[in-house]
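Here is the structure we will look at.
The values are calculated or read from the model by the stated rules, or taken from the named source; none is laboratory data. Worth saying up front: this structure is predicted, and the values here are computed from it rather than measured. Ideal geometry is used to build each Cβ from the backbone, glycine not excepted, and the neighbour counts take in all protein chains shown.
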């Protein structure tokens, strides 16, 4: 029997946690021992795992090989479904500007390895694009134009979470068929912060066949004591704007990685204007990843039908993946 896919477009810095615990404490099988049990409680069976370095990818490849089938890499929707039906957790690889440095020559290798999502920015300026916290209004650099065109040609989702307003506009201008996503952002219609996406950006993402993964980071939800209802409201608002084909989860939990992430907060938000320079508690009712199902319970209580709920849980993630990495004819 086919098992429904329940997935997140952005799993957070799990691979950074793996590298930290492997190199600092000598741990092995970090994902299986520390992260997979939490995903199982949540019911999540599919996750995009973004890497910030080739070292993170190296360690994760080892962990997948040593997982005895509990984890497996997926490149297409069919591969995701086969892994999930077999009782495993489907891992879709992501990479970022930090993975490349300032060169593009490793991009085909990353695609061959299975990378299907590329995050352009981490709030600050890099060699390819300005982040959303920069004082200026610059967008893509010349190298960034080359990058997004290669991503378009290879078939890799272009992730604009953290990118500047002009950078997002430039991506849509210099590409024609690239599938664009915001992997872990919410709508500015509710929480007006530069880390979220505007109504116009959401429309553009939808027009390209992309999606927005709703983040549970409290600073992106609301300033007023956020709860699970506020998270649901972001989803409802975007569904009302572009329909139920373009919204899903982008959980982005970092509650397991205080040792890793506290110093990163200062690096990606040096002024403190986004995150206040500290880690925050997640919204009431969904304080940990184990509780993400409560979002869909709330949506159901508010009247969302099961067909739409299935899309938001994982159907849209599968559909977007298929836009850039379709199964071959005859594949099961």
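Just a few scattered comments:
- Taken over region 204-246, the criterion of being in a helix (DSSP H, G or I) and closer than 11 Å to residue 180 by Cα is satisfied by 204, 205, 206, 207.
- Residue within region 313-323 that is touching a strand residue (DSSP E or B) at 6+ places or on another chain (Cβ under 7 Å), in a loop (DSSP other than H, G, I, E, B) and buried (at least 20 other Cβ atoms within 10 Å of the Cβ) present: no
- Answer from 55, 21, 38 - the residue that is at pLDDT below 95 and over 20 Å from residue 156 (Cβ atoms): 21
- Hits in region 127-155 - residues which are out of contact with any helix residue (DSSP H, G or I) (no Cβ under 6 Å at 6 or more places or on another chain), at pLDDT 95 or above and crowded, with 19+ Cβ neighbours inside 10 Å: 144, 147, 151, 152
- Criterion violated by residue 13 - all others in (1) modelled with pLDDT of 95 or more; (2) over 13 Å from residue 88 (Cα atoms) satisfied: (1)
- Pairing each residue of region 128-145 that is touching a residue at least 40 places away in the same chain (Cβ under 8 Å) and at positive phi with any residue that is buried (at least 21 other Cβ atoms within 10 Å of the Cβ) and part of a loop (DSSP other than H, G, I, E, B), provided the two are 6+ apart or on different chains, yields no C-beta distance under 7 Å.
- Checked against the criterion of being assigned to a helix (DSSP H, G or I) and either surrounded by fewer than 17 Cβ atoms within 10 Å (Cβ to Cβ) or modelled with pLDDT under 95 (or both), the candidates 300, 294 yield just one match: 300.
- Test: residue 174 is in contact with a helix residue (DSSP H, G or I) (Cβ under 7 Å, 6 or more places away or on another chain) and either crowded, with 24+ Cβ neighbours inside 10 Å or within 18 Å of residue 320 (Cα to Cα) (or both): no
- Going through (1) crowded, with 21+ Cβ neighbours inside 10 Å; (2) farther than 14 Å from residue 121 by Cα; (3) touching a strand residue (DSSP E or B) at 6+ places or on another chain (Cβ under 9 Å) one by one, residue 217 falls short only on (3).
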